[in-house]
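First comes the structure, then the notes that go with it.
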Amino acid sequence: METTGQVAAKRDVGFLLEPDNTLIVRIAGRWNIADGLAATDELKKRIGASPGPEQVAFDTTDLGEWDSSLLSFLTKLKDYCLKKSISVAGQGLPEGVAKLLALASAVPEKKDAGKAMGREPFLSRVGEATLKTGASTGEMLAFIGEACLALLRLLRGNARFRLYPPLYSNRGAGKQGCRLGTGYCRRSRSCENP
């Protein structure tokens, strides 16, 4: 097997083309994001070579510790193979890597996910402002009308309002209302306290 010349103590990527036209990608060593992301240039050369492989498989028997840098490498590999119509066999990958890779490819990336929505068109903003103004104007006129009618009733002596709301809330409370100390129980016939 040939290697890409990467340091074996950290990470190592090797390639072997099988007789059945399957490219075996040997992934070994320790894959850590602190060491940077692995380059995919050599891999792209192997996949793009003539005759190109029909399938890509993995050998991870010498794989050490790994993190998201391995997933990033495998995602780039899988995307490149999809562009070239080459199937990628998930056998040979550790169970956790295979599950995460399947999860990452299950949801397509949204192209506009990071972009903020632009401003609404001018006429749309004017229309929204007009509708809001119309609704608030109606509410304001209703309030002013009710206030004028209440003022007229007050001036004619027909106003209806509560002078002592706490007393009305204690009506019918019996002895419990007397304990509140409102003085209402002195006028109440049902109150037993003097």
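Here are the numbers for the structure shown:
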quantity: Neighbour net charge for GLY52 - beta-carbon separation under 9 angstrom, K R +1, D E -1; calculated: +1
quantity: Long pairs among LYS10/LYS84; LYS10/LYS44; LYS45/LYS83, criterion Cα-Cα beyond 25 Å; calculated: LYS10/LYS84
quantity: Difference of contour (0.36 nm per residue) and Cα-Cα distance, LYS83 to ALA106; calculated: 6.6 nm
quantity: Mean separation of Cα contacts under 8 Å, 6 or more apart, over the residue count of the stretch 2-106: relative contact order %; calculated: 25
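We did not get these values from a lab; they are worked out from the coordinates using the rules stated. Every value quoted in this text rests on a predicted model; they were computed, and no experiment measured them. So basically every Cβ, Gly included, is an ideal-geometry build from the backbone, and we count neighbours across all protein chains shown.
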